[in-house]
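Below you'll find the structure, written out as structure tokens, and then a few comments.
The values are calculated or read from the model by the stated rules, or taken from the named source; none is laboratory data. If you're wondering where the values come from, they're calculated on a predicted model, not measured in any experiment. Methodologically, a virtual Cβ is constructed for each residue, glycine included, from the backbone with ideal geometry; neighbour enumeration extends over all protein chains shown.
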């Protein structure tokens, strides 16, 4: 994002209700800030379509969502969505 000059647009960071999703999201925001990349952290567990909407609403460079989608609840994963 920095190389492409997109860091000021920011990244939406969200998570679902799975174990530690909120902690993964907060740590991601911390790492992004340390790299000079603006972020928008969702304030609660959020479905994937809401992340897509928030990317558009904030005109962000993309989004990071902590979810394992349709997989069993003992799994977790990460989805990156470009703008």
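Numerical summary
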| quantity | calculated |
| --- | --- |
| Residue that is surrounded by the most Cβ atoms within 10 Å (Cβ to Cβ), among those in segment 1-32 that are in contact (Cβ under 8 Å) with a residue 40 or more places away in the chain and outside any loop (DSSP other than H, G, I, E, B) | 14 |
| Those residues of segment 54-83 which are in contact with a strand residue (DSSP E or B) (Cβ under 9 Å, 6 or more places away or on another chain), over 16 Å from residue 8 (Cα atoms) and without any contact (Cβ under 8 Å) to a residue 12 or more places away in the chain, in sequence order | 77 |
| Condition check for residue 38: in contact (Cβ under 8 Å) with a residue 24 or more places away in the chain, surrounded by 16 or more Cβ atoms within 10 Å (Cβ to Cβ), under 13 Å from residue 83 (Cα atoms) and more than 10 Å from the chain's Cα centre (by Cα) | no |
| Leading residue by the ranking (modelled with the highest pLDDT) among those in segment 44-69 that are surrounded by fewer than 16 Cβ atoms within 10 Å (Cβ to Cβ) and within 15 Å of residue 25 (Cβ to Cβ) | 44 |
| Boolean, residue 45 is closer than 15 Å to residue 68 by Cα and in contact with a helix residue (DSSP H, G or I) (Cβ under 7 Å, 6 or more places away or on another chain) | yes |
| Tally of residues being over 11 Å from the mean Cα position of the chain (by Cα) and within 11 Å of residue 83 (Cβ to Cβ) across segment 46-60 | 3 |
